[in-house]
């Protein structure tokens, strides 16, 4: 039953009817999801694996924050059964493949009268990686990095990922021994497309091998992709390899997917908080496209607001085409572009805009995002850093660090895309 998401009221019946329950939680919110599932399942839990983000060596600050979170999570989740595995994000590595192989090995123990719960959250695509036969992990990583640097959308990236994978595009279901499968999904994808979230581990795939090739060509990476990847996709288009699970596959009759949280929930919470503080909440359209363009467009729109005490709110996942060698993330890049536009279009306006990732981690940095205002560029000039130069170098992190504009929360334990919260005429 994969064509749409069923309500959460179906979940108790699925659990009650199962002889045993197996659980795989993967993504940035794997720890709290696994903890709650274990609490609710109790003695029926046969085995479990939680795949959490591992410590990144990106910065000293990030190492400190993530080590503290990982230590806490390991002590709190899966108290009775199962393992906690640390995996890499946003670019997979050997730990990502180890996690995928361990998960499939565990799931091979499930039987037809069992239930497999797959709890997915943002980051699952990178954190559970098993390349298709004939593709080296290093080659898949190279394609993944090239797509990210080329500014591919999450939808495009996951179309390619799933067609180079042994577990994505619904293939994970084939490892579940015929058991019923329940996907509990915390969505970081606008529109909640099941085939895109986590690259569709428990969902039917609407795309084809040809679509994957088309994405790589459109983003200019097909000609420089590793030979093993091109050869595999060419064989696949000729029908020489197994396809992903398609939306009409009978195997999906034993699959139920439930969206348990998404960007809409986050926006509703932000609106309630803004109203409680005496602001007028104003929901804006989804943030989509190049981060520079998104930041400029939002800044221009903010300068047109005339009503007093407005709180503009939006969510989405902009992309960054990396051309420089600096540090940052898509939220910080949006904020920097917005700050430059605000300084030009509304230098005297009372506007403060926060662009941030709801997971607390924006790109390979320890910041969730950054604040932009009409005075941000001048703050940079006083600190000896150029906003325009930083934007070109994709060095938003170091710019905002110099001016004190970073928003640092540490990992939040959830991930429902990026968010904009802007106060106007306050």
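If you go through segment 210-231, how many residues are buried (at least 24 other Cβ atoms within 10 Å of the Cβ) and farther than 26 Å from residue 286 by Cβ?
1
Scan segment 195-208 residue by residue and report those that are over 13 Å from the mean Cα position of the chain (by Cα) and outside any strand (DSSP E or B).
Just the residues of segment 195-208 that are over 13 Å from the mean Cα position of the chain (by Cα), to begin with: 195, 201-208.
195, 201, 202, 203, 204, 206, 207, 208, listed by residue number.
Here are the criteria: (1) in a loop (DSSP other than H, G, I, E, B); (2) buried (at least 19 other Cβ atoms within 10 Å of the Cβ); (3) at pLDDT below 95. Tell me which single one residue 191 does not satisfy.
Failed condition: (2).
A quick yes/no check of all residues on (1) in a helix (DSSP H, G or I); (2) crowded, with 24+ Cβ neighbours inside 10 Å; (3) within 22 Å of the chain's Cα centre (by Cα); (4) in the same structural domain as residue 252 (by TED's automatic domain parsing):
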position	(1), (2), (3), (4)
78	no, no, no, yes
86	no, no, yes, yes
119	no, yes, yes, yes
135	no, no, no, no
139	yes, no, yes, no
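Could you look through segment 309-328, keep only residues that are part of a loop (DSSP other than H, G, I, E, B) and touching a strand residue (DSSP E or B) at 6+ places or on another chain (Cβ under 7 Å), and pick out the one that is surrounded by the fewest Cβ atoms within 10 Å (Cβ to Cβ)?
Taking segment 309-328 and keeping what is part of a loop (DSSP other than H, G, I, E, B), we get 309, 317-318, 320, 322-328.
Among the residues that remain, those that are also touching a strand residue (DSSP E or B) at 6+ places or on another chain (Cβ under 7 Å) are: 309, 317-318.
Values: 309: 14, 317: 23, 318: 26.
Among residues in segment 309-328 that are part of a loop (DSSP other than H, G, I, E, B) and touching a strand residue (DSSP E or B) at 6+ places or on another chain (Cβ under 7 Å), the one surrounded by the fewest Cβ atoms within 10 Å (Cβ to Cβ) is 309.
Quick check on segment 245-263: of everything there that is assigned to a helix (DSSP H, G or I) and touching a strand residue (DSSP E or B) at 6+ places or on another chain (Cβ under 8 Å), which residue is farthest from residue 420 (Cα to Cα)? Let's see the steps before the verdict.
Filtering segment 245-263 for residues assigned to a helix (DSSP H, G or I) gives 250-254, 263.
Then drop every residue that is not touching a strand residue (DSSP E or B) at 6+ places or on another chain (Cβ under 8 Å), which leaves 254, 263.
On the way: 254: 38, 263: 11 Å.
Among them, the one singled out is 254.
Does residue 167 satisfy the condition of being assigned to a helix (DSSP H, G or I), over 19 Å from residue 417 (Cβ atoms) and in contact with a helix residue (DSSP H, G or I) (Cβ under 8 Å, 6 or more places away or on another chain)? Full working, then the answer.
On the way: assigned to a helix (DSSP H, G or I): no; over 19 Å from residue 417 (Cβ atoms): yes; in contact with a helix residue (DSSP H, G or I) (Cβ under 8 Å, 6 or more places away or on another chain): yes.
Spelling it out, it is not the case that residue 167 is assigned to a helix (DSSP H, G or I), over 19 Å from residue 417 (Cβ atoms) and in contact with a helix residue (DSSP H, G or I) (Cβ under 8 Å, 6 or more places away or on another chain).
In segment 278-308, what residues are assigned to a helix (DSSP H, G or I) and touching a residue at least 40 places away in the same chain (Cβ under 8 Å)?
Once the filter is applied, which keeps residues that are assigned to a helix (DSSP H, G or I) and touching a residue at least 40 places away in the same chain (Cβ under 8 Å), segment 278-308 yields 291, 292, 293, 294, 295, 296, 298, 299, 300, 302, 303.
On the basis of being under 21 Å from residue 173 (Cβ atoms), at pLDDT 95 or above and either part of a helix (DSSP H, G or I) or touching a helix residue (DSSP H, G or I) at 6+ places or on another chain (Cβ under 8 Å) (or both), does residue 275 make the cut? Lay out the reasoning, then the answer.
On the way: under 21 Å from residue 173 (Cβ atoms): no; at pLDDT 95 or above: yes; either part of a helix (DSSP H, G or I) or touching a helix residue (DSSP H, G or I) at 6+ places or on another chain (Cβ under 8 Å) (or both): yes.
No: the conditions fail for residue 275.
Of the conditions (1) over 18 Å from residue 142 (Cα atoms); (2) outside the structural domain of residue 26 (by TED's automatic domain parsing); (3) in contact with a strand residue (DSSP E or B) (Cβ under 6 Å, 6 or more places away or on another chain), residue 219 fails just one. Which one is it?
Status for residue 219: all satisfied but (1).
Being surrounded by fewer than 24 Cβ atoms within 10 Å (Cβ to Cβ) and over 15 Å from the mean Cα position of the chain (by Cα) is the filter here, so list the residues in segment 152-166 that pass it.
Residue satisfying the conditions is 166 alone.
Which residue out of 370, 388 is touching a residue at least 40 places away in the same chain (Cβ under 8 Å), in contact with a helix residue (DSSP H, G or I) (Cβ under 9 Å, 6 or more places away or on another chain) and at negative phi? Even if it seems obvious, please write down each step before you answer.
Working: 370 fails: touching a residue at least 40 places away in the same chain (Cβ under 8 Å).
It is 388.
The values are calculated or read from the model by the stated rules, or taken from the named source; none is laboratory data. Keep in mind that what you see is a predicted model, and the values were worked out from it rather than measured. Here Cβ is always computed from backbone atoms with ideal geometry, including for glycine, and neighbour counts include all displayed protein chains.
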